[in-house]
Ligand SMILES: Cc1ncc(C[n+]2csc(CCOP(=O)(O)OP(=O)(O)O)c2C)c(N)n1
Ligand SMILES: [Mg+2]
């Protein structure tokens, strides 16, 4: 694949995520999406760039802000939106919801809503790859806020001590929920500055540049696959919406928001495409295709049957059932 | 005379039998390798299986159980040791939020075939933070199977089922039973999860017990026999699946029920047993049911104080007399 075709592909993936998130937001306001959502608009380049550096058999673990990770690993917009809309065709049969999108077929092994809990799981998946003698790598996406929870430190230490093929990718969007990460963290770089304590290399990368993210993650993945152990990547990014639901994010200074909106990952990719000589028309074709992909997904999700109530009592146990007594 | 084995050695024997038949079974925990575990329950495993199957970990309960979960989701059958059951509190997120829910909330996309073994219970004078019987903690969570054997043969037979289970199992080994001996079961001895055992038949009262309290109940039954009271002792073996069929059948015969529990009375497992018996077997009963459980206080250190708090033969005898004389 040429550089141009490849970048166009990454661009399209980001465009689909952006439109899917917009649909989720609009349908939340319209009452069609219930519960809560943690949208990833603005974070697209991290998910798409990192996923582009992985093999299909590598493992991905993500957080409640994970729509982009499920989509980047091959979940369809229709299945994701159907899940948010409590439809039986949802990615998790409407039993997970926005915070737990999972696409095991794409080895995207879950979105976890207890901050930091999935980091040891990624370490375990990497350990499993080692035990089974495969060359698979495990990658965990997490927020800046997760670097202050114990599981993060236990995971980094164990991954380092056992020299496991793990890549820890922090999406540093400057805020935990409403508190700036700098106000509650003893170091400047919440993830990267912790890595040396575990004798682990770290790289800070522009998380809004899909090409730079892909390069940084590819280097870490190569290192992991070669048996040289884990790496921390801290990708600087910014969320376009509030933390969750309809949070207007008034705690963020207007000047800061404006600066980041001018550094939109989709614009950055577009500029790269134009620099490679791709005509604006050609990019428009991709944009339109992304729009119609998501429009079709919205229509299909809306038309799908509601959650099957019988599913409340399936999938507790491996036999498919929920029997707790004899 | 048949070979005998201690409960302690039965733990490593049970694990070793499964490790020999299935190369995907791997152990991890603190000091479990060359040291053989603080209770010597993994003695010999490191010598037989080596460092690629027996992994010493840092003191990182979250990383131990979290990594076991990640490995279980990706083709390994991990057996994780948490040294004292009290320490489960340090990784409770994994038992409460992650391991039991991931299959359900992903709509059945992932399976978590793991065992968490832990030394549970009192009687050794270890004080409030190393002596608790916490099997009822696990019972509050749908999605965990719970095993607590009372004999060496059951340790081996239930370990086989626990490790072969595609569901997560919490395996409570009782500290007070480690030194006890019993017959060594034949190769291929497997005890199905969720099958209680009538360890002593009787006509006048049903004593439902678990792990250490099976022995307390048997001692009480001996004493009661001298007064002409015939007690049937049911060893529940597992809390989930809970074999209420066997309990109800026994109560159908004796018309009286006493539970003997080491966990605290508040929210102890006997409350669940009793609620089902009075709900489904009310007409079977000729007397009120009684629960002999630990008092609702932390476990004290001194033997004389501990005896005040945990179930003893005298307390069980007194409870039985009260229902028989009702
Ligand atoms: C253990 C735990 N504590 C608190 C929360 C509530 N909570 C949900 S998201 C969040 C902020 C996390 O921030 P960060 O890791 O930076 O991720 P972001 O939301 O910015 O992507 C908090 C505090 C939680 N879900 N889990
Ligand atoms: Mg954040």
**Prompt:** Once every DSSP H run of n ≥ 4 in chain A is given -39500 (n - 2.57) and the sum is divided by its residues, what mean residue ellipticity at 222 nm do you get, rounded to the nearest 500 deg cm²/dmol?
**Reply:** -13500 deg cm²/dmol
**Asked** Where both partners of a DSSP beta bridge lie in region B:197-324, what percent of those bridges are antiparallel, to the nearest 5?
**Response** 20
**Prompt:** Tilt of helix B:7-21 relative to the longest C-alpha principal axis of chain B, in degrees (0 to 90, nearest 10)?
**Reply:** 50
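Would you kindly calculate the mean projected area, averaged across all directions, of the convex hull enclosing the Cα atoms of region B:4-183, in square nanometres?
9.3
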**Item:** From the C-alpha gyration tensor of region B:145-227, square roots of 5λ in Å
**Value:** 25, 14, 12
**Prompt:** Restricting the count to DSSP beta bridges whose residues both fall in the protein assembly as shown, what percent are antiparallel, rounded to a multiple of 5?
**Reply:** 15
**Asked** Which whole-percent values make up P(r) of region A:1-104 when all C-alpha to C-alpha distances are grouped in 10 Å steps starting at zero?
**Response** 17, 49, 27, 7, 0
**Whole-number D in µm²/s for region B:50-141 (Stokes-Einstein; Kirkwood sum over Cα pairs; 4 °C, 1.567 mPa s)** = 92
**Item:** Selected from B:95, B:124, B:210 as most flexible by GNM, with chain B as the system and alpha-carbon contacts under 10 Å
**Value:** B:124
**Request:** Report the residue, chosen from B:286, B:154, B:227, that carries the largest GNM mean-square fluctuation when chain B is represented by alpha-carbon nodes joined by springs under 10 Å.
**Result:** B:227
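Please arrange B:41, B:206 by counting, for each residue, the other beta carbons lying within 10 Å of its beta carbon, fewest first. Could the numbers behind the result be given before it?
Values: B:41 27, B:206 31.
Going from sparsest to densest Cβ surroundings: B:41, B:206.
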**Message:** Counting only helical runs of four or more DSSP H residues, what would the 222 nm mean residue ellipticity of chain B come to if each run contributes -39,500 (n - 2.57) and the total is spread over all its residues?
**Reply:** -10000 deg cm²/dmol
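Shape call for region A:3-313 from the C-alpha gyration tensor, a ≥ b ≥ c root eigenvalues: rounded (a/c under 1.5), prolate (a/b greater than b/c) or oblate? Working shown, then result.
On the way: a/c = 1.37, a/b = 1.22, b/c = 1.12.
Rounded, since a/c falls under 1.5.
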**Message:** How large is the convex hull of the C-alpha atoms of the protein assembly as shown per residue, in Å³?
**Reply:** 163
**Item:** Rounded to 10°, Cα long-axis angle of helix B:313-324 versus longest principal axis of chain B
**Value:** 50
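Report the antiparallel proportion of the DSSP beta bridges in region B:191-266 as a percent, rounded to a multiple of 5.
On the way: 3 of 12 bridges.
Here the antiparallel bridges make up roughly 25 percent for region B:191-266.
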**Fill in**
Once normalised by the length of region B:1-146, the mean sequence separation of its alpha carbon contacts under 8 Å that are 6 or more apart gives a contact order in percent of 20
**Item:** Degrees between helix B:269-280 axis and first principal axis of chain B (Cα, 0 to 90, nearest 10)
**Value:** 60
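Which semi-axis lengths, in whole Å and largest first, follow from the square roots of five times the eigenvalues of the Cα gyration tensor of region B:197-324?
Numbers: eigenvalues 96, 57, 32 Å².
Listed largest to smallest, the semi-axes of region B:197-324 are 22, 17, 13 Å.
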**Request:** Assuming a ≥ b ≥ c are the square roots of the Cα gyration tensor eigenvalues, decide whether chain B counts as rounded (a/c under 1.5), prolate (otherwise, with a/b larger than b/c) or oblate.
**Result:** prolate
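Got the relative contact order for chain B handy, in percent, Cα pairs under 8 Å and 6 or more residues apart?
Values: 727 pairs, mean separation 51.9, N = 326.
RCO, chain B: 16 percent.
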**Item:** Segment residue B:140-residue B:4, length gained on full extension (0.36 nm per residue, minus Cα span)
**Value:** 45.4 nm
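Using Cα-Cα distances under 8 Å and only pairs 6 or more residues apart, what relative contact order does region B:197-324 have, in percent?
Numbers: 236 pairs, mean separation 36.4, N = 128.
Averaging sequence separation for qualifying contacts and normalising by length gives 28 percent for region B:197-324.
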**Asked** Between A:306, A:315, A:57, which gets the highest mean-square fluctuation from a Gaussian network model of chain A, Cα cutoff 10 Å?
**Response** A:315
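We did not get these values from a lab; they are worked out from the coordinates using the rules stated. Owing to the predicted nature of the structure, the values given are computational and were not obtained by experimental measurement. Every residue, glycine among them, receives a Cβ derived from its backbone with ideal geometry; neighbour counts consider all protein chains shown.
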